[in-house]
Amino acid sequence: MATRELEATVRQRHGVGILDLTGDVDSRAEAALQRGYDEAAAAGGPVVLNFAGADYINSTGIALIVGLLAQARARDVEITACGLSDHYREIFEITRLADFLAINPDEDSAVRGAEGNH
């Protein structure tokens, strides 16, 4: 299986920072993920991690997401997720990540939920 280095692009929607993740969330993703999170959180609103373009997430990728959640908690930034495949949604539930961030079926519901909480 060919791997794709993670691209993390940020856009704003209704005061919510959307972090679009495209490629693999693995050990090579740390710098892109951190840069993207910092940019998305800089506006001061909630952040949505959009996994619709993420092809692969391994245990190191999960650990990186846990690190972002810890940073967000320290800064009082709400993080939600959307675009997870059924497989990765299940992994987020098994690893209890779902206890710390709302998982939404799509970007619209993630933005609505984030808007309502800030």
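The values are calculated or read from the model by the stated rules, or taken from the named source; none is laboratory data. Computed from a predicted structure; not experimentally measured. Positions of Cβ are backbone-derived with ideal geometry, glycine not excepted, and every protein chain shown enters the neighbour counts. For the accessible areas, the whole protein counts, side chains as well, though only heavy atoms, and no ligand, DNA or RNA atoms are used. Shrake-Rupley method; radii C 1.70, N 1.55, O 1.52, S 1.80 Å.
So which helices of the chain fit the span-like rule, where a helix is a whole DSSP H run, its Cα atoms reach 15 Å or more along the axis, and its mean Kyte-Doolittle is at least 0.0?
Helices meeting the criterion: 59-75.
How much accessible area per residue does the stretch 1-117 have, in Å², with a 1.4 Å probe?
52 Å²
What FRET efficiency, computed as 1/(1 + (r/R0)^6) with R0 = 30 Å and r the Cβ-Cβ distance, is obtained for Arg28 and Asp86, rounded to the nearest 0.05?
Calculated transfer efficiency: 0.75.
Looking at (i) 1.42; (ii) 0.95; (iii) 1.15, which value of Cα Rg over 2.2 N^0.38 Å comes from a calculation on the structure shown?
The value computed from this structure is option (ii).
Could you compute the FRET efficiency for Asn58 and Gln12, with r as their C-beta to C-beta distance and R0 at 25 Å, rounded to 0.05?
That pair, Asn58 with Gln12, gives E of 0.30.
With a 1.4 Å probe and all protein chains left in place, how much of the accessible area of the chain comes from carbon and sulfur atoms, in whole percent? Don't skip to the end; give the middle numbers.
On the way: 2960 of 6160 Å².
Using a 1.4 Å probe with all protein chains present, the chain comes out at 48 percent carbon and sulfur.
So between Gln71 and Asp38, what do we pick up on full extension, going 0.36 nm a residue minus the alpha carbon distance?
Values: separation 33, 0.36 × 33 = 11.88 nm, distance 0.98 nm.
Net length gain for the segment: 10.9 nm.
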